[in-house]
Amino acid sequence: PFDINQADTTLLKTIFGIGSKRATRMVEHREKLGGWIDFAQLKEVYSMDSVVIEEVKKRTFIKPDFEPKKLAINTA
């Protein structure tokens, strides 16, 4: 398993059901959020379905002490 908040597109593509476009969308959405704090947030990524989300859960983890990056709300 690997940390989903540190994974790049190449690493994400090793998960069944994730190709180049989906991996890029996941990384872009993660950056907009400041990081994943819950796997339920993956539902917000365009084209993510429950089967792929379950595969992601099996192959990745979110550190329990992970603190998302602070976002500038007024300019985000």
Segment 1-28, residues that are touching a Leu at 6+ places or on another chain (Cβ under 8 Å) and of a type in the set (Gly, Ala, Ser): Ala23
Taking only segment 7-20 into account, find how many residues are of a type outside the set (Val, Ile, Thr) and in a helix (DSSP H, G or I). 3
Residues of segment 38-52 being exposed (fewer than 15 other Cβ atoms within 10 Å of the Cβ) and either in a helix (DSSP H, G or I) or acidic (Asp, Glu) (or both), which ones? Asp38, Ala40, Lys43, Glu44, Asp49, Ser50, Val51
Those residues of segment 5-37 which are open to solvent by less than 80 Å² (accessible area, probe 1.4 Å) and either within 22 Å of Ile73 (Cβ to Cβ) or modelled with pLDDT under 95 (or both) amount to Asn5, Val27, His29, Arg30, Leu33, Gly34, Gly35, Trp36
Given Glu67, Glu55, which one is open to solvent by less than 90 Å² (accessible area, probe 1.4 Å) and out of contact with any Ser or Thr (no Cβ under 9 Å at 6 or more places or on another chain)? Glu55
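For segment 47-76, which residues satisfy the criterion of being among the polar types (S, T, N, Q) and touching a residue at least 24 places away in the same chain (Cβ under 8 Å)?
Keep residues of segment 47-76 that are among the polar types (S, T, N, Q), which gives 47, 50, 60, 74-75.
Once the filter is applied, which keeps residues that are among the polar types (S, T, N, Q) and touching a residue at least 24 places away in the same chain (Cβ under 8 Å), segment 47-76 yields Ser47, Thr60.
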Residue within segment 21-35 that is of a type outside the set (A, V, I, L, M), within 17 Å of Lys69 (Cβ to Cβ), without any contact (Cβ under 8 Å) to a residue 60 or more places away in the chain and not in a helix (DSSP H, G or I) present: yes
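The values are calculated or read from the model by the stated rules, or taken from the named source; none is laboratory data. Note that this is a predicted model, so its numbers are computed, not measured. Methodologically, a virtual Cβ is constructed for each residue, glycine included, from the backbone with ideal geometry; neighbour enumeration extends over all protein chains shown. Quick note on the areas: whole protein, heavy atoms, side chains included, nothing else; ligands and nucleic acids left out. Shrake-Rupley method; radii C 1.70, N 1.55, O 1.52, S 1.80 Å.
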